[in-house]
Amino acid sequence: MKSDKASPLDVARSLLFYLVFYLGTVVLVISCIVASLFGDEALRRAVRCWGMFHRWCARWLLGIRLVIEGELPNEGVLVAIKHESFFEAIDLPAQMRRPAPFPKAELAEIPGWGWVARRYGAVVVERGEGAKALRAMVTSARGFAAQGRPLAIFPEGTRVATGERPPLQSGFAGLYKLLALPVVPVAVNSGRLYHRRWKKPGTITLRVGERIAPGLPREEVEARVHAAINALNA
């Protein structure tokens, strides 16, 4: 079995990645703010540049390649993604055409980044606010879906370690029912390389599952999504 301990090279690569990516992110956030003055398309391109910049840093500084099996949607559907690390979250703008993410409210309050996220268009998740917050999320999500934007959600609610298969958060079934949209499940195995502080080289796979029709009973859609997003978990 391969050792989980980070090598000196892993540490050096990770430190260089943190330096280059986060300094570059500051520059790109400023660029996004400036781009927003020239309209939504300019902002979309700037945000996509951030995702592509992250992918470049992962590939050439960390030695992490990305393989996508299947075709990710570029339309108004619900995309349910396994969440093992920040990799799949940061990479979203590079994967699909202007996806609408579901960031936690505290992330949307980060200076600069939070403003860009709201201006770009995101469904902010207000946890603990009950039915009122759910109605606001549904209204926002419907608007983005009507624009042909895929709605990218992590149905487990938070990052989980590789191999863990927690149940889906109850809010996912509520969104599925109220939005009445197809679901595209996506499995990810990023945690074994990217979840830790000292990242390791290798290949991260995104596997796009079979599209699930709207209108299914809660138990059935949850079971199908849960199985599909965990398809890369041995």
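The values are calculated or read from the model by the stated rules, or taken from the named source; none is laboratory data. All values reported here derive from a predicted model rather than from experimental measurement. Using ideal geometry, Cβ is built from the backbone for each residue, glycine included, and neighbour counts are taken over all protein chains shown. Protein only, heavy atoms only, side chains kept; ligands, DNA and RNA dropped before computing areas. Shrake-Rupley method; radii C 1.70, N 1.55, O 1.52, S 1.80 Å.
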Report task. Please work out which residue is surrounded by the fewest Cβ atoms within 10 Å (Cβ to Cβ), limiting yourself to region 76-123 and to residues that are of a type in the set (A, V, I, L, M, F, W, C), part of a loop (DSSP other than H, G, I, E, B) and touching a Lys or Arg at 6+ places or on another chain (Cβ under 9 Å). Result -> A105
Requested in this report: Considering only residues that are buried (at least 17 other Cβ atoms within 10 Å of the Cβ), small (G, A, S) and not in a loop (DSSP other than H, G, I, E, B), look in region 172-201 and name the one that is nearest to the chain's Cα centre (by Cα).
Outcome: A187
Report task. State yes or no: is A42 open to solvent by less than 30 Å² (accessible area, probe 1.4 Å), over 15 Å from I204 (Cβ atoms), among the aliphatic types (A, V, I, L, M) and in contact with a helix residue (DSSP H, G or I) (Cβ under 9 Å, 6 or more places away or on another chain)? Result -> no
Report summary line: Filtering region 210-227 for residues that are under 16 Å from L72 (Cβ atoms) and without any contact (Cβ under 8 Å) to a residue 60 or more places away in the chain leaves a count of 2
**Report entry** Residue in region 150-171 that is modelled with pLDDT of 95 or more and part of a helix (DSSP H, G or I) present
**Finding:** no
Query raised in the report: Looking at region 124-147, which of its residues are of a type in the set (V, I, T) and open to solvent by less than 80 Å² (accessible area, probe 1.4 Å)?
Result: V124, V125, V138
Query raised in the report: Quick check: anything in region 4-11 farther than 17 Å from G121 by Cβ, open to solvent by less than 20 Å² (accessible area, probe 1.4 Å) and in contact with a helix residue (DSSP H, G or I) (Cβ under 7 Å, 6 or more places away or on another chain)?
Result: no
Query - Residues being surrounded by 19 or more Cβ atoms within 10 Å (Cβ to Cβ) and over 20 Å from R224 (Cβ atoms) - total across region 62-75 - result: 2
